[in-house]
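> Take this structure, written in structure tokens, and hold onto it; I'll ask about it next.
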Amino acid sequence: MIDFHSHIMWGVDDGSKDIEMSGEMVKNSILQEVAGICATPHFIIDEQEIDADLYYSRLNKLKELYGRDINILSGLEIYINPNIPKYYKEKKIWGLNNSRYVLIELPMRDYPVYTQDVFHELLVLGAIPVIAHPERNFKIQKDIKLLEEILEQGALAQLNAGSICGMFGEAVKNMAEVLVKRNMIHIIGSDGHNNHRRRTDVISAFQKVKNINPELYRWMDENNYNIINDLKVEVPEIQREAEKKNSFLNLFLRKKK
Ligand SMILES: [Fe+2]
């Protein structure tokens, strides 16, 4: 499996502080038995932009020092902004392992009105938006339809390993479980920021996902590499428990008539 979301690149955001810490984080990933880890620092348009040359020189350094037993892959966690399509076109931002799959972060407490427009423009450009940790978004927690809509539009979703393990509280954990049950998650990331409190741990989350929805886990296991290799993936259908119950009830009522 791949850890699709981490802040192992040192000195560019609130993640790893120095190259030694990056090394510790990568070593932990090897112990977590992942085959690869994406270095996805925060990229905030006009506020915290990372220059591609700096990014790739650090990525190469990480690969050279710590990439013997694990694939260290590229990526970014891009904060939602109406200019994302423009930046993508200008190649100022890039996807997971340079693929069409672009990791996008929503604000934690908000769901911007332009989200679907930005995703639409990206899809037209051939990119596939991947929503980072939707289970942590307050608006999605209150109204799961918001996520259903963007997944139906063609986006994917990335779960934080810590979310399903209870690291961010009960509400987030419950939401994570619902999303996994309903096939509304496609990839998993540690979102590791350091080597103490927010580590690059993923193994217990993989186990939890496997227990909750074995079929989804199998799909993830098969499609991890398709995403990394920039191939198209066919996602599992969203499960709609409530609607299923209703249609069963309708059938029952119809029979009774
Ligand atoms: Fe992150």
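> Any residue at all in segment 4-20 that is closer than 24 Å to ASP110 by Cα, more than 17 Å from the chain's Cα centre (by Cα) and touching a residue at least 24 places away in the same chain (Cβ under 8 Å)?
There is at least one residue in segment 4-20 that is closer than 24 Å to ASP110 by Cα, more than 17 Å from the chain's Cα centre (by Cα) and touching a residue at least 24 places away in the same chain (Cβ under 8 Å).
> Sticking with this structure for a sec: Go over the candidates PRO112, PRO134, PRO107 one by one and state the one that is open to solvent by less than 30 Å² (accessible area, probe 1.4 Å) and more than 17 Å from the chain's Cα centre (by Cα).
Of the residues listed, the single one that is open to solvent by less than 30 Å² (accessible area, probe 1.4 Å) and more than 17 Å from the chain's Cα centre (by Cα) is PRO112.
> I've got another one for you. Filter segment 125-150 down to residues that are out of contact with any helix residue (DSSP H, G or I) (no Cβ under 8 Å at 6 or more places or on another chain) and farther than 23 Å from PRO41 by Cα, then give me how many there are.
4
> Go through segment 186-218 and count every residue that is away from the ligand (no atom under 16 Å from the Cβ) and open to solvent by less than 30 Å² (accessible area, probe 1.4 Å).
5
> Related question: Going by the structure shown, is TYR101 at pLDDT 95 or above, under 18 Å from HIS7 (Cα atoms) and surrounded by 15 or more Cβ atoms within 10 Å (Cβ to Cβ)?
Answer is yes for this residue.
> Go through (1) surrounded by fewer than 22 Cβ atoms within 10 Å (Cβ to Cβ); (2) within 15 Å of the ligand (Cβ to nearest atom); (3) under 25 Å from TYR217 (Cβ atoms) for SER6 and report which single condition fails.
Going through (1) surrounded by fewer than 22 Cβ atoms within 10 Å (Cβ to Cβ); (2) within 15 Å of the ligand (Cβ to nearest atom); (3) under 25 Å from TYR217 (Cβ atoms) one by one, SER6 breaks only (1).
> Sticking with this one: In segment 21-60, how many are away from the ligand (no atom under 16 Å from the Cβ), closer than 16 Å to ASN97 by Cα and not hydrophobic (A, V, I, L, M, F, W, C)?
Residues in segment 21-60 being away from the ligand (no atom under 16 Å from the Cβ), closer than 16 Å to ASN97 by Cα and not hydrophobic (A, V, I, L, M, F, W, C): 6 in total.
> Residues LYS61, LYS86, LYS91: which one is of a type in the set (D, E, K, R) and in a loop (DSSP other than H, G, I, E, B)?
None of the other options fit; the residue is LYS91.
> Tell me the residue from ASN174, ASN97, ASN71, ASN83 that is away from the ligand (no atom under 16 Å from the Cβ) and free of Cβ contacts under 8 Å to residues at least 12 places away in the same chain, please.
ASN174
> Residues in segment 156-215 that are assigned to a helix (DSSP H, G or I), among the polar types (S, T, N, Q) and within 15 Å of the chain's Cα centre (by Cα): how many?
Result for segment 156-215: 1.
> Of all residues being open to solvent by 10 Å² or more (accessible area, probe 1.4 Å) and in contact with a strand residue (DSSP E or B) (Cβ under 9 Å, 6 or more places away or on another chain) in segment 165-185, which is nearest to LYS139 (Cα to Cα)? Just the residue, please.
VAL172
> Return the pairs, sorted by first residue and then second, in which the second residue is open to solvent by 20 Å² or more (accessible area, probe 1.4 Å) and within 13 Å of the ligand (Cβ to nearest atom), the first residue lies in segment 126-140 and is over 15 Å from ILE78 (Cα atoms) and in contact (Cβ under 8 Å) with a residue 40 or more places away in the chain, the beta carbons are less than 9 Å apart, and the residues are 6+ apart or on different chains.
Between residues of segment 126-140 that are over 15 Å from ILE78 (Cα atoms) and in contact (Cβ under 8 Å) with a residue 40 or more places away in the chain and residues that are open to solvent by 20 Å² or more (accessible area, probe 1.4 Å) and within 13 Å of the ligand (Cβ to nearest atom), the close pairs are GLU135/PHE168.
The values are calculated or read from the model by the stated rules, or taken from the named source; none is laboratory data. From a predicted model like this one, the values you see are computed outputs, not experimental measurements. Cβ: placed from backbone, ideal geometry, glycine included. Neighbour counts: every protein chain shown. In case anyone asks, the SASA skips ligands and DNA or RNA and just uses the protein heavy atoms, side chains included. Shrake-Rupley method; radii C 1.70, N 1.55, O 1.52, S 1.80 Å.
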